[in-house]
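In what follows, a single structure is set out as structure tokens and then discussed.
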Amino acid sequence: MHTRKVPSTGEAMPVIGLGTWQTFDVGNDRTELDQRRDVLEVLFAAGGRMIDSSPMYGRAEATVGTLLAEMGARDKAYLATKVWTSGEAAGLAQMAQSAQRLQSPTIDLMQIHNLVDWRTHLKSLREGQAKGRFRHIGITHYTTSAFDELMTVMRSERIDFVQLPYSLAVREAEARLLPLAIERGVAVIPNRPFDGANMFTRVKGKPLPDFASEIDATSFGQIFLKYLLGHTAITCVIPGTSRAQNMRDNVAAGLGRLPDEDMRRRIAKWWQSV
């Protein structure tokens, strides 16, 4: 799998990871857990590492922690989660709870979810990073309306990662956020890379475009992900799934040729005509 360096530390990050919103919010049913274990096994076998979660995602953190412990695979994973509350004490308690649920005293990336009380939590994140509890720190949001505030933080603070909405269907980040990330040396994680399921609905029943073979894509999902990875600002994409077959398709986007700028323009023009 292709890798991209985290600008602040130079760590090589495999370009395809896994999001856990909704998909990993399961209980103790063994069939459900085994299905998610299969997803993780596909991710790791392909060389992927990043698993992104949040206390907002119900039982997802605990599911990930349980499965990694069962698999003896904590060292294969790059664990990213978030703080999603207000106030210093509440934030510290929630982050400690996340570490407990993930069964890992060290979190690879701690993020401030949707910028909630970010001024308070950023101080805590810095202290946690200095003490080795967090290897990287970052900020997130899922709406384009938050871009101005994301940019304010990126300009005024030193952070390692920003997570934001970016897909072939939602391209606003290309104009301002991605250039700023390159300028400031901030790694970028696109969330909602398929714009929910909307993008697949739009291409349902249509043939793959001729250019797919030129970027070693064998599915629409791979085209969607490779378009994002063709931008040099992107570090790791985190599509969510609960099915191993979908994970196999996703990780394949991190292999083979990626589109250059000319091809990205061609893909964008194709998308407008679909």
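Which condition number does Thr9 fail, the rest of (1) of a type in the set (Ser, Thr, Tyr); (2) in contact with a Ser or Thr (Cβ under 9 Å, 6 or more places away or on another chain); (3) within 17 Å of Cys236 (Cα to Cα) being met? So Thr9 meets the others, but not (2). When residues in region 159-199 are screened for being more than 19 Å from the chain's Cα centre (by Cα) and either closer than 24 Å to Pro14 by Cβ or in contact (Cβ under 8 Å) with a residue 12 or more places away in the chain (or both), 2 of them pass. From the residues in region 144-176 that are of a type in the set (Gly, Ala, Ser) and not in a loop (DSSP other than H, G, I, E, B), which one is surrounded by the fewest Cβ atoms within 10 Å (Cβ to Cβ)? Checked region 144-176; the qualifying residue surrounded by the fewest Cβ atoms within 10 Å (Cβ to Cβ) is Ser156. Of the residues Arg126, Arg135, which single one is in a helix (DSSP H, G or I) and basic (Lys, Arg)? Result of the check over Arg126, Arg135: Arg126.
Restricting attention to region 208-258, the residues that are in a helix (DSSP H, G or I) and either in contact (Cβ under 8 Å) with a residue 12 or more places away in the chain or within 20 Å of Gln163 (Cβ to Cβ) (or both) add up to 21. For first residues located in region 72-95 and in contact (Cβ under 8 Å) with a residue 24 or more places away in the chain and exposed (fewer than 15 other Cβ atoms within 10 Å of the Cβ), partners that are assigned to a helix (DSSP H, G or I) and of a type in the set (Gly, Ala, Ser) and lie 6+ apart or on another chain with Cβ distances below 7 Å form the pairs Glu88/Ser124.
Considered as a group, the residues in region 140-171 that are in contact with a helix residue (DSSP H, G or I) (Cβ under 9 Å, 6 or more places away or on another chain) and among the β-branched types (Val, Ile, Thr) include one that is farthest from Trp84 (Cα to Cα), and that residue is Val170.
To keep it simple, each residue is scored yes or no on (1) within 25 Å of Leu150 (Cα to Cα); (2) of a type in the set (D, E, K, R); (3) modelled with pLDDT under 95.
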position: Thr9; (1), (2), (3): yes, no, no
position: Phe24; (1), (2), (3): no, no, no
position: Gln35; (1), (2), (3): no, no, no
position: Asp52; (1), (2), (3): yes, yes, no
position: Gly65; (1), (2), (3): no, no, no
position: Glu88; (1), (2), (3): yes, yes, no
position: Ala99; (1), (2), (3): no, no, no
position: Thr106; (1), (2), (3): no, no, no
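Of all the residues in region 222-240, those that are over 13 Å from Ile267 (Cα atoms) and in contact with a Phe, Trp or Tyr (Cβ under 7 Å, 6 or more places away or on another chain) number 2. For region 143-161, the condition of being at pLDDT 95 or above, basic (Lys, Arg) and over 25 Å from Asp195 (Cα atoms) holds for at least one residue. One residue stands out among those in region 1-28 that are small (Gly, Ala, Ser) and farther than 16 Å from Asn246 by Cα: the one that is farthest from the chain's Cα centre (by Cα), which is Gly27.
Being within 18 Å of Asn250 (Cβ to Cβ), surrounded by fewer than 20 Cβ atoms within 10 Å (Cβ to Cβ), within 20 Å of the chain's Cα centre (by Cα) and small (Gly, Ala, Ser) is the requirement here; does Ala212 meet it?
Taking the combined requirement at face value, the residue does not satisfy it.
Going through (1) crowded, with 22+ Cβ neighbours inside 10 Å; (2) among the small types (Gly, Ala, Ser); (3) touching a Pro at 6+ places or on another chain (Cβ under 7 Å) one by one, Ala99 falls short only on (1). Scanning region 177-207 for residues that are farther than 17 Å from Ile16 by Cβ, charged (D, E, K, R) and not in a helix (DSSP H, G or I) turns up Asp195, Lys204, Lys206.
Comparison of Arg264, Arg243 shows that the only residue that is modelled with pLDDT of 95 or more and either touching a helix residue (DSSP H, G or I) at 6+ places or on another chain (Cβ under 6 Å) or more than 25 Å from Leu43 (Cα to Cα) (or both) is Arg264. Here's a check for you: in region 47-61, which residue that is surrounded by fewer than 23 Cβ atoms within 10 Å (Cβ to Cβ) and more than 17 Å from Pro14 (Cβ to Cβ) is nearest to the chain's Cα centre (by Cα)? Restricting to residues being surrounded by fewer than 23 Cβ atoms within 10 Å (Cβ to Cβ) and more than 17 Å from Pro14 (Cβ to Cβ), the top hit is Ser54. Taken together, the criteria place Gln272 among residues that are without any contact (Cβ under 8 Å) to a residue 12 or more places away in the chain, assigned to a helix (DSSP H, G or I) and closer than 18 Å to Asn198 by Cβ.
The values are calculated or read from the model by the stated rules, or taken from the named source; none is laboratory data. Please read these numbers as outputs of a predicted model, since none were measured by experiment. Note that each Cβ is placed from the backbone with ideal geometry, even for glycine, and that neighbours are counted across all protein chains shown.
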